[in-house]
Amino acid sequence: MHEQGPSREPRREPGNGDDGGGSRGGHECGGYDAELRGHQEVLRRASTVRPDDRVLDIGCGTGQATREAARTALRGAALGVDVSAPAIAAARELARAEGLFNVDFEQADARTYPFPSGHFDLAISRFGTMFFAEPVAAFTNIGQALRPSGRLVMMVWQSRESNEWDRALRRGLAGLPGPEPEPSAFPDPFSLARPSSVRRILEGAGFADVAFTDVREPVYYGADTAVALDWASGFVWVRERLRTLPPAASADALARLRATLAEHVTDAGVCFDSRAWLITARRTGRHGSGPGRSPSPA
């Protein structure tokens, strides 16, 4: 469940329980938050956190969205959960440094964690829900943690074909010697790209009024090509591809990756187009008892 932008399979921020892929150890929260700064603003506006709200952040990573929610929910509270211990440690330290006392973080799997029933007004997620092995069970557990009519607001990637950052990097590394890793070898950051599948999952988990908003925001990889190369080479599938190459081919791959990134230098830094879904839904009254409930078929 760990938050994941072009990262979780590509990304490297610690956390992302869904992190299936991109994460690196270390506290690279600043880079990841910068990468998705436009998406974070869209999520913040759509979440409309109120002063009394109790907010649950799924796959919180190092907690930027959780902390923003806590600053608005002055008479409420925010809880961030993530399967990554390094991410949670970093999130707690950042919250302490910012003097936030109505926010907490737990290392937890959102599919099985015993959230108090009906406790939260709002569940949010910034690219932290795409890697559940059992999505219906996970969203059922999240739903039972919400009060009746409680809201779900999450952001997920649209298809691989719709996201320039993935297409461009894969094109730049195509044709290298040796077998290319199959996309199926890594957790899939695009697993919730198809609205019909997501609707079926959420309705099976007890949500209603499922709606999709097209989000087109750039992802930011750094101020210049050198910074962007360091960032992109940490994506799990890129790192794995480079690892399998002999030294000469690896150097060639890095040169090609650098050239691809150089083509996307803008006045704002190295940026790629991206497409995401902002998904909203509300809890109905027909949830089961949480982690112990048998999931409905997706």
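Odds and ends about this structure:
- You will find that of 19, 57, the residue that is under 27 Å from residue 273 (Cα atoms), at pLDDT below 60 and in contact with a strand residue (DSSP E or B) (Cβ under 9 Å, 6 or more places away or on another chain) is 19 and no other.
- All positions within segment 81-91 that are buried (at least 17 other Cβ atoms within 10 Å of the Cβ) and either farther than 15 Å from residue 56 by Cα or not acidic (Asp, Glu) (or both): 81, 83, 84, 86, 87, 88, 90, 91
- Annotation note: Cβ proximity below 6 Å between a residue of segment 241-255 that is farther than 17 Å from residue 171 by Cα and a residue that is in a helix (DSSP H, G or I) and open to solvent by 60 Å² or more (accessible area, probe 1.4 Å) (sequence gap 6+ or interchain) occurs for no pair.
- Restricting attention to segment 210-229, the residues that are of a type in the set (Phe, Trp, Tyr), closer than 16 Å to residue 263 by Cβ and either at pLDDT below 95 or open to solvent by 30 Å² or more (accessible area, probe 1.4 Å) (or both) add up to 1.
- Number of the condition not met by residue 78 [criteria: (1) open to solvent by less than 10 Å² (accessible area, probe 1.4 Å); (2) part of a helix (DSSP H, G or I)]: (2)
- The strands (runs of 3 or more DSSP E) found wholly in segment 93-171 and carrying at least 3 residues that are in contact with a Lys or Arg (Cβ under 7 Å, 6 or more places away or on another chain) and crowded, with 17+ Cβ neighbours inside 10 Å occupy 120-126, 146-157.
- Here residue 39 clears all of (1) part of a helix (DSSP H, G or I); (2) open to solvent by less than 10 Å² (accessible area, probe 1.4 Å); (3) closer than 20 Å to residue 143 by Cα except the condition numbered (3).
- Members of segment 207-240 found to be touching a residue at least 60 places away in the same chain (Cβ under 8 Å), over 14 Å from residue 273 (Cα atoms) and among the aliphatic types (A, V, I, L, M), listed by number: 208, 210, 211, 232, 236, 238
The values are calculated or read from the model by the stated rules, or taken from the named source; none is laboratory data. Keep in mind it's a predicted model, so treat the numbers as computed, not measured. Don't worry about glycine lacking a Cβ; one is built from the backbone with ideal geometry, like all the others, and counts go over all protein chains shown. Surface areas here come from the heavy atoms of the whole protein model, side chains and all, with no ligands, DNA or RNA. Shrake-Rupley method; radii C 1.70, N 1.55, O 1.52, S 1.80 Å.
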